[in-house]
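Participant: Attaching a single structure in structure tokens format; questions to follow.
Values in this text are rule-based calculations from the coordinates and carry no lab data. Small disclaimer: the values here were computed from a predicted structure and weren't measured. Note that each Cβ is placed from the backbone with ideal geometry, even for glycine, and that neighbours are counted across all protein chains shown.
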Amino acid sequence: MIRTLALAIAWGVAVTAALSPASAHADADTGITDAQKAQLEQLRAKIASQIQLQAYDLLDELVYGWTESPVFATDTPVVLADVSVPVGFGSGLEALVENHFVSLVTKNPRTHLVLTHCPRCNELIVYSGAKGTVVSRGVDQPEALAAAGAASGAHHALFLDFEAEGAALVLRARITSLEPALPIVYARTLSTSTASPALLRSPERLKSAAEARQEYLDALTGRGFFLVPMRLGIRNYAKSDSPDAQATPFPFVWLQIGAEAALTQARAWTASLSVGGTYTPDLHTGWLVQARIGRLLSGSTISLTQPDLYGFLGGSVITIYGPGATIFGDKVPTTKDLLDAATGVSKPEFTFAAFQLGLELRIKSRIGLGAYLEYAPALENAPSIGNYLDLGFIQFHNFGVEVTFCF
Amino acid sequence: METFIIFLMALPSLADRAGDPSLNAFRSKAEARNMECTRVSQAQAHERFPGQVPEPSPRVSSNLMDIDALVCTPRIVRVGERPARDEAILSSLSQSVSDIAQVAGAVGDPDTLWHVDAFYPDPRVAHKIAVAARTHLVETGHLVSDRVPLLAAGDLLVMRDLPERKRFELACARFFAEHALGEHEAFLGITVVDPRETQLHAGVCQKGVWQWLR
């Protein structure tokens with residue numbers, strides 16, 4: 001029997017060829033054009049960027065576990081022997097994973113792991129002994145490393161293996177003692193099968209998944225189900241195109257305050273009730289009561305990091321007193337009407353209902369910027385008021401903008 | 001006015017449909033197939049997605065109303081991006097390796113030192129299978145080595161011409177004869193027997209005797 005050369009690397013190839021069914025995957029890449037390969041590479045790069053955070057999360061969980069329950073009682077030199085990513089992904093993801101892991105271990109000395117640089121550990125080495133000549137990676141032949149004095153003082157090797165199993169990313173970590181028998185002294189499997197979003201933990205302050213979840217809950221509930229919105233807005237009524245219309249509508253500045261309730265846990269639906277007032281010296285005084293219902297359009301739940309877009313529908317009852325109210329009347333105000341109102345001879349008052357349709361951009365449920373169109377049925381007969389938008393069956397007489405501060 | 005109420009209400013409805021994992025106007029069949037869905041209770045869903053699923057109401061008894069949620073997550077690697085058999089094996093790797101390791105663990109003694117290797121045409125997949133098996137064995141309390149027993153080149157040449165099942169028997173005998181495996185050591189080999197199947201088979205080599213587990 002010839003037994004002079006047993007190749008450990010060839011073990012993966014030759015033994016596979018010997019023990020596994022032949023020609024099993026011979027046609028894996030046949031029929032794929034260069035363009036398809038390029039497209040596949042692009043797709044893989046996109047997916048890699050998406051699973052990168054999940055991989056980081058698993059590493060965070062692993063290192064957090066080591067800070068709470070260290071594998072070694074004292075600082076121990078360890079070689080990061082291998083990082084393998086899911087089949088189909090390239091070395092780019094490996095580099096990201098490796099960098100993040102080294103960063104985590106460096107920033108968390110409580111793990112008692114001291115990462116050691118050992119170039120020979122990952123290189124192919126040739127070792128000739130009494131039983132023959134073996135070609136393998138350094139970590140697979142610790143006696144060869146020891147003989148060459150190339151172990152860099154490390155007596156343990158760490159292996160990180162990621163694999164995509166359906167929708168879950170699975171991390172398998174193991175630490176092997178670099179002695180001839182290569183016993184595995186630690187192994188752990190972690191999975192993202194809970195389908196939770198990435199926790200985005202800070203490397204300096206790792207925390208458990210339960211603690212991270214509690215922080216998320218606090219962030220959600222911290223905004224409360226009830227808010228007190230204060231709105232500062234301007235209503236601009238359209239000028240009529242009629243030649244009889246002599247008065248030009250002026251902007252009404254409104255200050256509103258009220259209460260807003262979240263109708264769902266995710267603040268996907270909101271409802272608010274507010275009262276407001278407007279005052280311009282010598283022109284008008286007014287008040288309103290407004291109810292609104294809002295719906296989140298930018299997603300199914302409010303975002304902690306992005307602005308949220310709401311669509312809203314509202315109904316108001318508005319009353320205006322003073323000379324300014326004359327433009328809402330069903331006749332064109334004359335000079336005498338205006339003078340009488342200004343001198344207190346007459347006290348114009350106009351009450352009408354209005355309905356709003358608008359959009360509001362909210363930032364963390366704290367500040368909002370909104371714009372809306374308003375339809376007031378009672379103003380259809382007002383000769384001084386025109387339309388911003390006429391859809392035939394409905395006319396929008398007013399365009400408003402507002403800034404909202406929520407407390 | 002009613003038209004606009006309907007219009008406004010339609011917007012969120014359309015937005016919701018866009019996020020619906022089931023087949024609809026916004027999602028093709030291929031996209032729907034790439035979702036992996038699990039039905040969970042409302043309490044579990046609230047635990048995982050507190051911002052989206054409300055806490056179960058204590059006033060609603062689970063005996064009266066059974067509310068659950070369907071959690072759908074897109075597959076990390078979409079169907080068709082990896083060879084079909086690799087995908088089938090890798091997608092169920094944890095489960096199949098767990099089953100194998102459970103049976104294998106019952107074969108050996110508590111002080112048996114396990115060596116594990118996998119034989120699969122694609123060496124990357126073989127590596128994944130072997131690593132998963134080793135990790136699972138360690139996690140279930142077994143002694144496991146990272147070293148795989150080696151055979152000489154001559155042995156490999158002879159085995160290459162043997163029928164499938166005979167190869168493992170001969171390899172096992174040679175491991176023991178050449179002291180690559182000791183008295184208290186066992187070798188767990190995982191392989192696919194038929195190129196068309198997606199099921200992993202496994203056998204254990206102990207004291208020179210090969211025993212198929214499944």
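Participant: Under the classification rounded if a/c is under 1.5, otherwise prolate if a/b is larger than b/c and oblate if not, where does the stretch A:125-188 fall, given a ≥ b ≥ c as square roots of the Cα gyration tensor eigenvalues?
Facilitator: prolate
Participant: Follow-up question, since we're still on this one. Based on other C-beta atoms within 10 Å, arrange A:I51, A:I327 from fewest to most.
Facilitator: Ascending number of Cβ neighbours within 10 Å: A:I51, A:I327.
Participant: With a ≥ b ≥ c the root eigenvalues of the C-alpha gyration tensor of the stretch B:124-208, is it rounded (a/c under 1.5), prolate (a/b larger than b/c) or oblate?
Facilitator: Oblate, since a/c reaches 1.5 and b/c is not below a/b.
Participant: What does the charge count around A:A167 come to, taking other residues whose C-beta lies under 9 Å from its C-beta (Lys +1, Arg +1, Asp -1, Glu -1)?
Facilitator: Details: positive: B:R75; negative: A:E165, B:E36.
Charge balance in the 9 Å sphere: -1.
Participant: Now, a different point. Determine the sum of side-chain charges near A:Y372: Lys and Arg each +1, Asp and Glu each -1, restricted to other residues whose C-beta is under 9 angstrom from that of A:Y372.
Facilitator: So the surrounding residues net to -3.
Participant: If I take all pairs of Cα atoms in the stretch A:60-198, what percentage of them are more than 24 Å from each other?
Facilitator: 34
Participant: How would A:I394, B:I100, A:I363 line up from fewest to most surrounding beta-carbon atoms within 10 angstrom?
Facilitator: In increasing order of surrounding Cβ atoms, one gets A:I363, A:I394, B:I100.
Participant: Per-residue mean of other chain beta-carbon atoms within 10 angstrom of the beta-carbon, peptide A:84-93? Could you put the intermediate results ahead of the total?
Facilitator: Working: counts 4, 0, 6, 12, 9, 2, 0, 0, 0, 0.
Average neighbour count from other chains, rounded to a whole number: 3.
Participant: Next question. List the lysines whose Cα sits under 25 Å from the Cα of A:K239, skipping any in the same chain fewer than 8 residues away.
Facilitator: Leaving aside lysines fewer than 8 places away in the same chain, those within reach of A:K239 are A:K331, A:K336, A:K347.
Participant: Using a 10 Å cut-off on Cβ to Cβ distances, tally the other chain neighbours for every residue of B:111-122 and report the average as a whole number.
Facilitator: Details: counts 0, 0, 2, 1, 2, 1, 5, 4, 8, 7, 10, 6.
Mean number of neighbouring Cβ atoms from other chains: 4.
Participant: What does the charge count around A:Q356 come to, taking other residues whose C-beta lies under 13 Å from its C-beta (Lys +1, Arg +1, Asp -1, Glu -1)?
Facilitator: That works out to 0.
Participant: Same structure, new question: Amide H to amide H under 5 Å from A:K364: which residues, 5+ apart in sequence or cross-chain, H placed 1.01 Å off N in plane?
Facilitator: Hits under the 5 Å cutoff: A:D308.
Participant: Could you work out the mean count of beta carbons from other protein chains within 10 Å of each residue's beta carbon in B:136-148? Numbers along the way, then the final one.
Facilitator: Details: counts 3, 2, 10, 6, 1, 0, 1, 3, 7, 7, 15, 9, 6.
That works out to 5 on average.
Participant: Using amide H atoms built in the peptide plane, which far-off residues or other-chain residues are under 5 Å from A:G386 H to H?
Facilitator: Hits under the 5 Å cutoff: A:A238, A:K239, A:S240.
Participant: With the Cα gyration tensor of the stretch A:223-406 giving a ≥ b ≥ c as the square roots of its eigenvalues, does the rule (a/c under 1.5 for rounded; else a/b larger than b/c for prolate; else oblate) give rounded, prolate or oblate? Present the calculation step by step, with values, prior to reporting the outcome.
Facilitator: Working: a/c = 2.89, a/b = 1.99, b/c = 1.46.
Judged from the Cα gyration tensor, the stretch A:223-406 comes out prolate (a/c at least 1.5, a/b above b/c).
Participant: Using the number of other C-beta atoms within 10 angstrom as an exposure proxy, rank A:M230, B:M159 with the fewest first.
Facilitator: Values: A:M230 16, B:M159 21.
Taking fewest neighbouring Cβ atoms as first place, the list is A:M230, B:M159.
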